[in-house]
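Q: Sharing a structure below in structure tokens format, with a few things to ask.
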Amino acid sequence: MKPVDNNAHLILVVDDDLSVTASLTLLLKQHKFRVKTAADPNAALEIINNNDVSCVLQDKNFSRATTGEEGLALLARIRQLHPQLPVLLMTAWGSISLAVEGMRCGASDFLTKPWDNDNLLRTIGTIVGLAKPTNNPMLDRQTLDKQFDFDHVIGESTAMLGVLNTIARVAKTDASVLILGESGTGKEVIADAIHRNSKRHQAAIVKVNMGGVTPSLFESEMFGHVKGAFTDAKHDRQGRFSTANNATLFLDEIGELDKSSQVKLLRVLQDQTFQMVGSSKNSHVNVRIICATNQHLEELVAQDLFREDLFYRINLITITLPPLRERISDIPRLVQHHLSKVSKLYGIEQASVTAAALNWLCQQPWPGNIRQLCQTVERALLMSGKSKLDLEDLVPNDVNKNNNDAAVNIGEVTLDEMEKLMIEKSLSAYAGNISKVADALGLSRAALYRRLEKHGISQ
């Protein structure tokens with residue numbers, strides 16, 4: 001993606017406060033954007049209808065009223081007349097709920113007043129860059145590999161080509177990305193690919209598993225602390241945001257974050273400023289955020305377990321990874337890639353699989369997805385001592401001898417039935433040990449518990 005040419009973009013600023021429009025006009029023109037201003041919705045619509053506007057930066061109120069109805073009405077009218085035109089809302093932190101309502105109605109993003117100049121410019125640059133019209137068809141894997149560093153992403157199924165084309169489009173921007181997918185689908189690999197192909201790639205990506213950060217340690221872990229901030233604070237310590245300055249911060253398992261920590265995270269994502277624990281000094285960073293989860297965040301929002309304003313803040317771009325059962329054609333490449341990796345790691349002869357073994361691998365439902373597939377072939381390689389794995393090396397003897405349903409043909413049972421069968425057999429094989437069952441299936445304990453509940457399986 002080519003750098004955004006600011007001169008090519010006309011920004012419309014809509015606000016009835018002349019000091020606001022004057023400040024924004026000066027700032028945007030200093031950075032080579034063309035700017036027009038409007039003090040009310042009618043004037044704004046006239047400008048939009050008669051000019052090639054790239055982005056609208058609008059307030060939520062245009063009179064003494066503070067309900068935000070005027071701003072929402074203007075937004076609705078813009079969406080109706082120009083559905084592709086991105087709209088960036090401005091609101092005070094205290095009325096951030098109005099911005100969330102605007103996001104529901106189709107706004108691209110929101111900023112709070114008073115704004116941070118650097119953050120505002122980054123946001124506008126990202127939005128106009130993403131909105132840049134393109135008629136380019138989907139690129140094939142060979143073309144993508146010539147233009148981008150996708151060496152660690154294996155697969156060229158239709159589903160994965162869609163994912164890679166999205167990465168190609170958004171990597172060079174600062175857009176926040178939310179990666180969704182079942183456990184084991186490779187969300188961290190995709191986050192790495194986004195970072196490696198971004199303008200921040202010279203710095204290391206910083207990764208945090210939010211499920212492992214307790215509420216009491218959240219601020220210290222993420223924002224750092226100064227010496228003496230609490231009993232064990234014997235030295236100043238940088239937080240993850242400071243470490244990721246001018247780089248990418250990957251927040252894995254974002255759905256596990258508790259509500260109190262979500263508020264603190266939202267504030268720093270809003271203007272990229274924070275205070276270290278024990279300090280009254282504001283620190284400013286320039287961080288690109290990538291989040292991932294295997295949970296359905298919309299359901300968590302509906303259950304009041306995840307803040308809706310944070311949800312909109314982190315998912316300017318959403319990438320949904322397909323489960324392995326929906327990209328079966330990629331299994332041969334995934335198997336060979338992992339066998340090559342394991343062979344090199346253990347210093348053994350280059351390994352491969354027979355046609356029968358590969359056929360069996362392609363027929364399994366893989367509830368643990370790529371992680372489970374890789375664990376299966378790696379375990380078979382190490383336990384068999386062979387350089388070429390056959391079916392009997394992959395299927396446990398007791399299952400191979402007595403249970404024909406371990407390798408049923410496609411169409412004989414549903415995926416849910418196969419998943420339930422594999423879980424039940426694993427529970428039996430490991431005498432109900434949840435940790436061992438989860439490891440064998442390539443699942444986290446939490447993911448396994450959800451599947452036990454889903455299938456009504458008692459422990």
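We did not get these values from a lab; they are worked out from the coordinates using the rules stated. Computed from a predicted structure; not experimentally measured. Don't worry about glycine lacking a Cβ; one is built from the backbone with ideal geometry, like all the others, and counts go over all protein chains shown.
Q: Quick check: net charge around VAL20, other residues with Cβ under 13 Å of its Cβ, Lys/Arg +1 and Asp/Glu -1?
A: Combined, the nearby Lys, Arg, Asp and Glu give -2.
Q: Restricting attention to the range 253-302, which trypsin sites (Lys or Arg not before Pro) occupy a DSSP loop and are surrounded by at most 13 other Cβ atoms within 10 Å?
A: The qualifying sites are LYS281.
Q: In whole Hz, with x marking every Gly and Pro, tabulate ³J(HN,Hα) for the range 326-331 from phi via Karplus 6.51 cos²θ - 1.76 cosθ + 1.60, θ = phi - 60°.
A: Karplus-based 3J(HN,Hα) across the range 326-331 equals 9, 9, 4, 5, 8, 4 Hz.
Q: Return the loop-located trypsin sites (Lys or Arg not before Pro) in the range 9-101 (DSSP other than H, G, I, E, B) with at most 12 other Cβ atoms within 10 Å of their own Cβ; answer none if there are none.
A: Listed in order of number, the matching sites are LYS32, ARG64.
Q: Would you mind checking the tilt of helix 187-196 against the longest principal axis of the Cα atoms of the chain, expressed as 0 to 90 degrees and rounded to 10?
A: 50
Q: Also, I was wondering about something else. For the range 6-130, calculate the relative contact order in percent as a whole number, restricting contacts to Cα pairs under 8 Å that are 6 or more residues apart.
A: Relative contact order comes out at 22 percent.
Q: Ok, one more. Size of the dipole of the range 125-242 about the Cα centre, Lys and Arg at +1 and Asp and Glu at -1 on the beta carbon, nothing else charged, in debye to 20?
A: Computed charge dipole of the range 125-242: roughly 380 debye.
Q: So if a site counts as exposed when it's one of the GluC sites (Glu not before Pro), its DSSP state isn't H, G, I, E or B, and it has at most 13 other Cβ atoms within 10 Å, what's the longest stretch of the chain without one?
A: The longest uninterrupted stretch comes out as 1-348.
Q: Let me ask you something else. Size of the range 6-130 along its principal axes in angstrom, Cα-based, largest extent first?
A: For the range 6-130, the Cα extents along the three principal axes come out at 35, 30, 26 Å.
Q: Run the dipole for the chain about the Cα centre, Lys and Arg Cβ at +1, Asp and Glu Cβ at -1, nothing else charged, and hand back the magnitude in debye, nearest 20.
A: 1100
Q: Pull up the cross-link candidates among the lysines for LYS207, meaning alpha carbon to alpha carbon under 16 Å and not fewer than 8 places away within one chain.
A: The reachable lysines, counting only those whose Cα sits under 16 Å from LYS207, are LYS187.
Q: Continuing with this model, one more query. What nm value, rounded to one decimal, do you get for the distance between ALA302 and ALA43 when each label is placed 7 Å out toward the C-beta?
A: A separation of 4.3 nm, rounded to one decimal place.
Q: Check which residues have an amide H placed less than 5 Å from THR112's amide H, if you skip close sequence neighbours.
A: Under 5 Å from the amide H of THR112 lie the amide H atoms of THR91, each far enough along the sequence or on another chain.
Q: Taking every DSSP beta bridge that has both residues in the chain, what percent is antiparallel when rounded to the nearest 5?
A: In the chain, approximately 10 percent of DSSP beta bridges are antiparallel ones.
Q: Sticking with this structure for a sec: Could you work out [θ]222 nm for the chain from helices alone, using -39500 (n - 2.57) per DSSP H run of at least four and dividing by all its residues? Round to the nearest 500 deg cm²/dmol.
A: Roughly -13500 deg cm²/dmol at 222 nm, from the helical runs in the chain.
Q: Follow-up. About the Cα centre of the range 141-322, what is the dipole size in debye to 20, counting +1 per Lys and Arg Cβ and -1 per Asp and Glu Cβ, all else neutral?
A: 760
Q: Could you run the Debye sum over the Cα atoms of the range 141-322, one equal point scatterer each and no solvent, and tell me log10 of I(q)/I(0) at q = 0.15, 0.17, 0.18 Å⁻¹, two decimals?
A: After summing over all Cα pairs, the log10 values are -0.87, -1.08, -1.18.
Q: Using the Karplus equation 6.51 cos²θ - 1.76 cosθ + 1.60 (θ = phi - 60°), what ³J(HN,Hα) coupling, rounded to whole Hz, does each residue of the range 165-174 give in order, writing x for Gly and Pro?
A: With coefficients 6.51, -1.76 and 1.60, one gets 5, 5, 4, 4, 6, 9, 4, 6, 8, 9 Hz.
Q: Could you calculate the contour length gain from ARG267 to LYS234, that is, 0.36 nm times the residue separation minus the distance between their Cα atoms, to one decimal place in nm?
A: The span from ARG267 to LYS234 would gain 9.2 nm if fully extended.
Q: Now, a different point. Taking the beta-carbon count within 10 Å as an exposure proxy, list SER340, SER283 from fewest neighbours to most.
A: Fewest to most other Cβ atoms nearby, the residues stand as SER340, SER283.
Q: If each residue of separation counts as 0.36 nm, what is the full-extension length gain between LYS341 and SER23 once their alpha-carbon separation is subtracted?
A: That pair, LYS341 and SER23, stretches by 108.9 nm at full extension.
Q: Between helix 18-30 and the chain, what is the angle of the helix's C-alpha long axis to the longest principal axis, kept within 0 to 90° and rounded to the nearest 10?
A: Roughly 60 degrees, rounded to the nearest 10.
Q: For the range 273-287, take each phi angle, set θ = phi - 60°, evaluate the Karplus expression 6.51 cos²θ - 1.76 cosθ + 1.60, and give the result in whole Hz per residue in order, putting x for glycine and proline.
A: 10, 7, 10, 5, 4, x, 10, 9, 8, 6, 10, 10, 10, 10, 10
Q: In the chain, how does Rg compare with the Kirkwood Rh, expressed as the Rg/Rh ratio over alpha carbon atoms?
A: Ratio value, two decimals: 1.03.
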